[in-house]
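Since every read-out is calculated from the coordinates, none of them should be taken as a lab result. Quick caveat, the model's predicted, so the values are computed rather than measured.
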Amino acid sequence: MLDGTTSEEESLLALDEFESSLDVESGMEEGNSDSPEFYVAQVELLAANVIAVYLNPDPMRAEMSGQTLETILSSFDFRLSGSEAEFVRPGEPQPPVGPLQRLEHESQWDLLESARSSAVSLSSVGIRELRAACAPGRDAIISAVERLAEVNGWDTH
């Protein structure tokens, strides 16, 4: 529906329909966070939220998208590092974030620094440049999802 010829109003209606059709309940049942359905539901919600923020900029929803991505990547890092909790006593320094969270933080910083140093607004960044800049992160996340599926014994076929 979002093919470039659809009006913003039609796009918002399509997004509402999509959000209403999401079957997040099956993936978000309590205690089900190890299932692939949980992650599918999280990613569907994240995608819908990102599109909603694009169509109707809202700092609170944008922040929610960022926090959701952080949570997903943190979960991947935790599972891929062996799922061993690290307890931190009050006053002790926090352990460093995992590799996927670090990659996400670095990607954000690089994009913002690039835009700041070149005096280019984020809105003028071309889609090709943005995709090229995101490619290493995308590839790392794809690889992590594949490893996570293998670690959890998920059927990927």
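For this structure, a couple of remarks:
- Shown in residue order for region 40-49 are the 3J(HN,Hα) couplings computed by the Karplus curve 6.51 cos²θ - 1.76 cosθ + 1.60 at θ = phi - 60°: 4, 4, 4, 5, 4, 5, 4, 4, 4, 5 Hz (x for Gly and Pro).
- Counted residue by residue at 0.36 nm each, then reduced by the alpha carbon distance between them, the extension gain from I142 to E19 reaches 41.9 nm.
- Backbone geometry of region 87-93 corresponds, through the Karplus equation with coefficients 6.51, -1.76 and 1.60 at θ = phi - 60°, to 3J(HN,Hα) couplings of 8, 10, 7, x, x, 7, x Hz, x marking Gly and Pro.
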